[in-house]
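Take a look at the structure set out below.
The values are calculated or read from the model by the stated rules, or taken from the named source; none is laboratory data. The structure presented is a predicted model; accordingly, all values stated were derived computationally and were not measured. No Cβ is skipped: glycine too gets one built from the backbone with ideal geometry, and neighbour counts run over all protein chains shown. With ligands, DNA and RNA removed, areas are computed over all heavy atoms of the protein, side chains included. Shrake-Rupley method; radii C 1.70, N 1.55, O 1.52, S 1.80 Å.
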Amino acid sequence: LPDPKLIFFFHRIFKKTSGNGGLTLYLGKRDYVDHVSSVDKVDGVVKLDPADFGDRKVFVQLACAFRYGSDDLDVMGLCFRKDIWTQFVQIHPPVDKPALSAMHETLLKKAGDGAQPFSFEIPNNLPCSVSLHILELSVISFSLINIFSSSSSPMDTARLIIRKIQYAPSQVGAGPKAEICKSFMMSDKPVHLEASMEKDLYFHGEDIPIKIKIKNESNKTVKKIKVTVDQTTDIVLYSADKYTKAVFTQEFGDTVEPNGSFENTLTIKPLLADNKEKRGLALDGRLKDEDTNLASTTMLREGIEKDVLGILVSYKIKINLMVAGGGLLGGLTASDVTVELPLMLMHPKPEEDVTLEVEKTPTERQEDNKGK
């Protein structure tokens, strides 16, 4: 076994250089967590040679933007874009240097001479990163880091997209419960349906058990149980568009005869992997080709205007009993019994690792090998 003293936790550094090589942006992470009361600070470093820029000013910009349009239209400048929030920091000539954090110290050591630190505080009322794919269009809410000089040359610019994300709270609430009692034509007594869950929040990829109780006092037969999970996405920034898509559907063949009862726990698991071909689904914002998942539930805070959040995502579970009609009228008296339960889907908070050493990129490792 390796000596525990020699085990390192690597921390990846993200690096982006402008077209002319004069500006280099360093970030220690690209996911910034919204803790409800506050958001992780964006601490970074920009490396430049002051002699190359002289009196020209160099800025770092952090923006939260709402974009409507495909990537091709974005390149041509034809997509709709609205900056929800933006902030600038001047790093050359230096104006106000931030108090150095542990992340700053690591990045400054990595960047070397000519590096200037910067820091941003993201307001906690801004939306988390979400993408919505509708036909050939996409709606994206995202944050980005942009460095540029006061010259008009696009070669003096570098951009790196980051994400604002939210993890599930450490404490979850009691699970929801819904019940209904429905009467039918040609039947003196009703069907009772009750559905409940153990908690109000589940993680992406976690099994979701639903406790079902049915008491059939009617003269009809419950033929099967259908469970559906609907994702509803409200685009509240520029219009009243609303998209509802089923992200999970399963039928269970349990039957309940007249004057019979049923009690069981049905387990479901809505996954993006089962919905790859569907359009109109809201997904957590992703970076390049990284894997993603169904969008997390939007956590609304009191006093925050919905328009600022851009995109609102919610889920609900529908439990539907398909009740067959009996007698001479047959299907004419068939009906459904349905209840709905709210569902919150989020990510668990990951365990934090201690950073002891900076991971080198493949290019940097090749350069080190050349010098040996």
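Data overview
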quantity	calculated
Solvent exposure, largest accessible area first (probe 1.4 Å, DNA, RNA and ligands not counted), of 52, 254	52, 254
14 Å beta-carbon shell around residue 157, net charge (K/R +1, D/E -1)	+3
Length gained when the stretch residue 109-residue 259 is fully extended (0.36 nm per residue, less Cα-Cα span)	46.5 nm
FRET efficiency, residue 57 to residue 124 (Cβ-Cβ, R0 41 Å, nearest 0.05)	0.85
Computed lengthening from residue 206 to residue 159, 0.36 nm per intervening residue step minus Cα-Cα distance	13.4 nm
Förster radius 25 Å - calculated FRET efficiency between residue 249 and residue 179 (Cβ-Cβ, nearest 0.05)	0.65
Solvent-accessible area per residue for region 237-282 (1.4 angstrom probe, square angstrom)	61
Carbon and sulfur %, accessible surface of region 235-284 computed with the full protein complex present, 1.4 Å	43
Spin-label pair residue 300/residue 278, simplified geometry with 7 Å Cα→Cβ offset, distance in nm	2.2
Summed side-chain charge close to residue 56 - residues other than residue 56 whose Cβ falls under 15 Å, Lys, Arg +1, Asp, Glu -1	-3
Distance (nanometres) between label positions extended 7 Å along Cα→Cβ at residue 199 and residue 318	2.8
Over 24 Å between alpha carbons, listed pairs 47/349; 110/349; 220/316; 29/245; 182/245; 215/318	47/349; 110/349; 220/316; 29/245; 182/245
